[in-house]
Amino acid sequence: MANTKAHGDNYINFEKGIWSWLTTVDHKRIGLMYFITVMFFFLIGGIMALLLRLELFAPNAAPNVGQILANGDVYNQVMTYHGAIMVFMVIVPGIPAILGNFFLPLQIGAKDVAFPRINLLSWYCFMAGAILAIATFFTTKIDTGWTFYTPYSIRTGTATAMMVLAAFIMGMSSILTGLNFIVTVHKLRAPGMTMHRMPLFIWSLYATAILQMLATPVLGITLLLLAVERFLGIGIFDPKLGGDPVLFQHFFWFYSHPAVYIMIIPAMGIISELITTFSKKVIFGYTAIAYSSLGIAAVSFFVWGHHMFVSGQSETTGIVFSFLTMLVGVPTAIKMFNWVATFYKGSVEFRSPMLYALGFMFLFAIGGVTGVMLATLPIDVHFHDTYFVVAHFHYVMVGGTLMALMGGYYYWFPKMFGKMYNETTARISFVFIFIGFNVTFFPQFILGAMGMPRRYFDYIPAYENLNKISTVGSWLILIGFLVGLYTIVQGLMKGEKAPMNPWGSKTLEWQTSSPPPHDNFSVEPVVTAGPYEYR
Amino acid sequence: MMWFNIAKAQSFMPTQGTEIAKQVDNLYGFLLVTSLIACVLVIGGMIYFVWKYRRKSPNDKTAYISHNTALEFLWSFIPLVIFLAVFGWGWYIYHQMRAMPENALEINVIGKQWAWEVEYKNGYKTVNEVVVPINQDVKILLTAADVLHSFYVPSFRIKQDAIPGRYTALWFKADKLGEFHLFCTEYCGTSHSGMIGKLRVVSREDFDKYLEQGQEERFLPLAEKGKKLFAVKACASCHAVDHPGAMVGPSLFQKFGHEEVMDDGTKIMFDENYIRESILEPNKHIVKGFPKGVMPTFQGQLNENELSALVEYVKNLK
């Protein structure tokens with residue numbers, strides 16, 4: 001430690017000055033740095049979402065309102081940045097990099113992650129990639145959609161290579177985080193903490209880390225090939241040069257389908273924590289939940305082809321991928337049932353993190369059953385690339401991951417900052433987000449069933465009413481997040497001092513002061529029982 | 001279960017234009033009901049439990065139930081069986097979708113930025129309009145000129161990507177007369193959402209006539225061809241061509257070569273370029289005394305050749 005003077009009693013005031021933050025190797029500080037940056041990108045991505053919805057408020061025949069974005073090109077660019085920012089800069093890093101970084105060592109009773117400096121490097125990689133990605137906005141804006149499908153991405157505006165490079169660098173950050181977590185889990189558990197005594201959030205991060213390690217390199221190579229194709233025209237994906245444009249989709253989804261689980265598995269981990277804490281009851285089926293995370297991770301590598309049922313792959317391929325995709329449903333369903341069973345004979349307290357957990361289960365149930373519909377071949381043929389898909393993945397990613405992320409923030413807020421937030425405004429925020437979310441995205445299921453294709457800047461009048469409702473919903477979400485922002489800022493400025501363990505939770509992070517000291521624990525914890533021994 | 005399909009699924013699914021569409025809707029209806037039951041069980045169970053076991057005092061004692069093997073087996077096994085059943089049912093329908101019938105009427109369709117080019121076996125070409133006979137197996141042979149597109153007819157529940165550099169195919173047998181939307185669903189750039197076409201199902205005789213006419217059209221003089229198009233596109237319902245009186249839109253009679261006063265006071269020469277612009281961007285310059293936003297754009301619905309024909313026709317309205 002270069003600067004050992006001026007010790008405070010917790011990690012926030014341990015050292016002073018911006019430089020001490022930028023050079024820190026403390027996992028908690030790095031978690032906070034991710035927190036601030038990811039929230040900033042979330043804000044940008046959110047504003048873009050609102051613009052898109054505003055544009056879709058009416059078909060272009062209507063005067064004024066439908067004309068917020070000048071033309072199809074601008075809409076396509078905003079749509080691309082919304083997707084790319086939300087996926088690569090918000091939802092993928094969201095839980096592992098913020099809450100994972102902060103709480104993984106605390107929950108297993110370690111002083112830090114295994115490679116603190118690599119951890120800092122991963123933040124710098126993330127920032128470098130993110131800045132590069134945002135920088136493309138000021139050159140030639142890309143309009144490929146976040147999926148960069150060839151051959152469109154080979155032909156269109158020049159910044160694609162830059163954006164792809166940015167995603168590559170951010171992927172590096174993801175790999176480093178995954179590597180760090182795996183080693184930390186294996187090497188740095190406190191005495192007595194066997195694998196089967198780890199909190200379920202750790203299990204989920206562990207499964208996620210494996211995915212990050214194994215899947216992300218494939219994306220890296222694919223994007224690199226795309227860049228090479230653009231610069232040198234060697235004919236891998238470009239049909240004009242004898243390449244195969246569909247090959248790109250295989251490569252891309254080989255990463256991006258597991259990536260969907262990189263997004264949702266940690267969310268499930270958080271939900272498991274929230275549910276047992278606020279039910280004051282041991283989680284039902286600990287082993288099943290833990291291993292189903294690994295199960296989902298394993299199967300997720302073999303289902304990518306369900307993104308391509310109508311891409312021209314063979315009938316047999318479609319059938320095989322449909323079958324494998326159905327299998328993912330089983331471990332997912334197991335988790336849902338286990339959570340519901342945990343409430344049985346519990347003592348359920350409706351604190352705002354718990355409201356988010358319940359909101360998660362509600363939305364994830366809908367996201368899940370519609371996922372089964374999309375896995376069913378002939379139904380997917382109709383729904384593929386329509387608003388049904390848009391609604392489905394927003395239910396899973398926003399309704400699922402983001403709900404869990406918000407619940408996690410409120411849950412661990414007292415621990416991270418040593419202050420309590422205002423429960424009333426937190427609940428108001430939840431109600432707006434939850435209702436707004438359903439008003440926004442449920443109509444899109446129907447739009448999709450009616451046949452409205454996605455990525456449409458304009459649409460036929462038959463789709464107008466539902467689009468109007470959807471746009472109004474997006475404003476409710478906006479109100480919800482503004483109230484949430486107020487809650488966080490108000491909590492930070494004026495919140496009451498948080499006790500060590502405000503929720504009466506059993507996991508290790510609550511057995512140290514709030515906020516935790518620089519080295520996490522003043523006395524090394526010794527674990528003698530499972531994580532959720534509420535008796 | 002079928003009553004439910006009729007009651008629910010069909011109320012928001014597009015018209016069923018084929019036998020396959022009915023089969024897809026049946027499976028979808030089944031899934032909708034099963035999903036609803038699953039959601040009611042899970043969400044309802046959740047709400048019931050959290051309310052019944054809500055915290056009554058800070059010192060509540062809770063039951064210590066860590067697992068229940070029989071129960072867990074059951075709730076893993078039942079979803080698995082349902083999933084596999086749905087998968088099997090889906091396989092059955094999908095196989096019918098993918099097995100190309102022999103002796104089908106083949107139509108070539110090329111996706112390009114941003115229109116569908118349709119070519120029949122006799123060489124007749126159209127844009128954004130596929131015409132097929134009723135009760136006949138039709139096979140669409142797809143490819144793309146530039147980037148990926150996707151051929152989607154919601155009413156037939158069929159969709160297939162058009163890929164540059166190779167052919168893909170899909171088939172259908174329409175059993176309902178009428179006009180159906182044809183969308184592009186694979187993102188293809190600027191006017192992706194404008195790439196909308198029509199799939200018209202007509203009787204056998206009308207289809208033969210259509211092809212024949214198409215065949216003849218190629219040899220018509222340009223102005224004659226324009227006259228035909230003028231009728232086909234229903235331009236005549238708004239624009240008079242044989243007297244100077246205005247209808248919904250301004251008359252086109254004897255307009256060519258004269259200046260027109262626009263709603264903003266400027267004057268524009270009624271020449272070839274103004275006719276062309278008015279067809280493609282009708283709201284850019286509106287003739288004085290007529291409201292904006294009435295005439296739809298024909299962008300993407302006419303090819304260059306057809307545009308020239310229309311211009312030639314209007315030019316000759318003397």
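The values are calculated or read from the model by the stated rules, or taken from the named source; none is laboratory data. Predicted model only: the values in this text are computed from it and were never measured. Heads up, the Cβs are rebuilt from the backbone with ideal geometry, glycines too, and the neighbour counts pull from every protein chain shown. These accessible areas exclude ligands, DNA and RNA; they are computed on the full protein's heavy atoms, side chains included. Shrake-Rupley method; radii C 1.70, N 1.55, O 1.52, S 1.80 Å.
Assorted remarks:
One line per residue, one yes/no per condition, for (1) within 14 Å of another protein chain (Cβ to nearest Cβ); (2) modelled with pLDDT of 95 or more:
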| residue | (1), (2) |
| --- | --- |
| A:Thr150 | yes, no |
| A:Arg155 | yes, no |
| A:Phe168 | no, no |
| A:Phe181 | no, yes |
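- None of B:Phe87, B:Phe77 is hydrophobic (A, V, I, L, M, F, W, C), in contact with a helix residue (DSSP H, G or I) (Cβ under 6 Å, 6 or more places away or on another chain) and either closer than 26 Å to A:Gly530 by Cβ or outside the structural domain of B:Tyr152 (by the TED database) (or both) except B:Phe87.
- Residue list for the stretch A:137-177, restricted to those being of a type outside the set (A, V, I, L, M), within 22 Å of the chain's Cα centre (by Cα) and over 26 Å from B:Asp146 (Cβ atoms): A:Phe168, A:Gly171, A:Ser173, A:Ser174, A:Thr177
- Screening the candidates A:Val310, A:Val348 for the property of being in contact (Cβ under 8 Å) with a residue 60 or more places away in the chain, open to solvent by less than 10 Å² (accessible area, probe 1.4 Å), of a type in the set (A, V, I, L, M, F, W, C) and touching an Asp or Glu at 6+ places or on another chain (Cβ under 8 Å) yields one hit, A:Val310.
- Within the option set B:Leu142, B:Leu177, being open to solvent by less than 30 Å² (accessible area, probe 1.4 Å) and not assigned by the TED database to the domain that holds B:Leu280 holds for one residue only, B:Leu142.
- Sole exception among (1) over 30 Å from B:Val153 (Cα atoms); (2) more than 7 Å from chain A (Cβ to nearest Cβ); (3) open to solvent by 40 Å² or more (accessible area, probe 1.4 Å) for B:Gly44, by number: (3)
- For the stretch A:217-251, a residue qualifies if it is outside any helix (DSSP H, G or I) and crowded, with 17+ Cβ neighbours inside 10 Å, and the qualifying residues are A:Ile236, A:Phe237, A:Asp238, A:Gly243, A:Asp244.
- Every residue from the stretch A:361-380 that is more than 10 Å from chain B (Cβ to nearest Cβ) and under 15 Å from B:Ile158 (Cβ atoms): none
- Selected residue (criterion: farthest from the other protein chains (Cβ to nearest Cβ)) from residues of the stretch B:67-85 that are among the small types (Gly, Ala, Ser) and surrounded by 13 or more Cβ atoms within 10 Å (Cβ to Cβ): B:Ala85
- Top-ranked residue of the stretch A:264-293 - restricted to ones that are crowded, with 24+ Cβ neighbours inside 10 Å and assigned to a loop (DSSP other than H, G, I, E, B), ranked as farthest from the other protein chains (Cβ to nearest Cβ): A:Ile283
- Of the criteria (1) surrounded by 14 or more Cβ atoms within 10 Å (Cβ to Cβ); (2) within 21 Å of B:Ala240 (Cβ to Cβ); (3) within 32 Å of the chain's Cα centre (by Cα), which one B:Lys292 fails: (1)
- Test: A:Thr208 is of a type outside the set (A, V, I, L, M, F, W, C), farther than 19 Å from A:Thr147 by Cα and either in contact (Cβ under 8 Å) with a residue 24 or more places away in the chain or in a helix (DSSP H, G or I) (or both): yes
- Against the numbered list (1) without any contact (Cβ under 8 Å) to a residue 24 or more places away in the chain; (2) closer than 18 Å to A:Gly367 by Cα, A:Thr325 comes up short only at (1).
- Single unsatisfied condition, A:Ala114 versus (1) modelled with pLDDT under 90; (2) among the aliphatic types (A, V, I, L, M); (3) open to solvent by 10 Å² or more (accessible area, probe 1.4 Å): (1)
- Filter result (closer than 20 Å to A:Phe237 by Cβ, at the interface with chain A (Cβ under 7 Å from one of its Cβ atoms) and among the aliphatic types (A, V, I, L, M)) within the stretch B:150-200: B:Ile163
- Exactly one residue out of A:Pro461, A:Pro499, A:Pro443 is over 21 Å from the mean Cα position of the chain (by Cα), within 14 Å of chain B (Cβ to nearest Cβ) and modelled with pLDDT of 95 or more: that is A:Pro443.
- Within the stretch B:86-116, if we keep just the residues that are touching a Lys or Arg at 6+ places or on another chain (Cβ under 8 Å) and either touching a residue at least 40 places away in the same chain (Cβ under 8 Å) or open to solvent by 50 Å² or more (accessible area, probe 1.4 Å) (or both), the residue that is nearest to the other protein chains (Cβ to nearest Cβ) turns out to be B:Met100.
- Scanning the stretch A:381-391 for residues that are more than 7 Å from chain B (Cβ to nearest Cβ) and over 21 Å from the mean Cα position of the chain (by Cα) yields one hit, A:Phe383.
- Flag for A:Thr332 being within 10 Å of chain B (Cβ to nearest Cβ), open to solvent by 10 Å² or more (accessible area, probe 1.4 Å), among the β-branched types (Val, Ile, Thr) and more than 25 Å from the chain's Cα centre (by Cα): no
- Filtering the stretch B:255-275 to residues that are open to solvent by less than 80 Å² (accessible area, probe 1.4 Å) and within 26 Å of B:Glu217 (Cβ to Cβ) leaves B:Lys255, B:Phe256, B:Asp271, B:Glu272, B:Tyr274, B:Ile275.
- Condition check for A:Pro378 on (1) under 29 Å from B:Phe73 (Cβ atoms); (2) more than 22 Å from the chain's Cα centre (by Cα): one failure, at (1).
- Scanning the stretch A:138-156 for residues that are surrounded by fewer than 19 Cβ atoms within 10 Å (Cβ to Cβ) and closer than 16 Å to A:Gly233 by Cα returns a single hit, A:Arg155.
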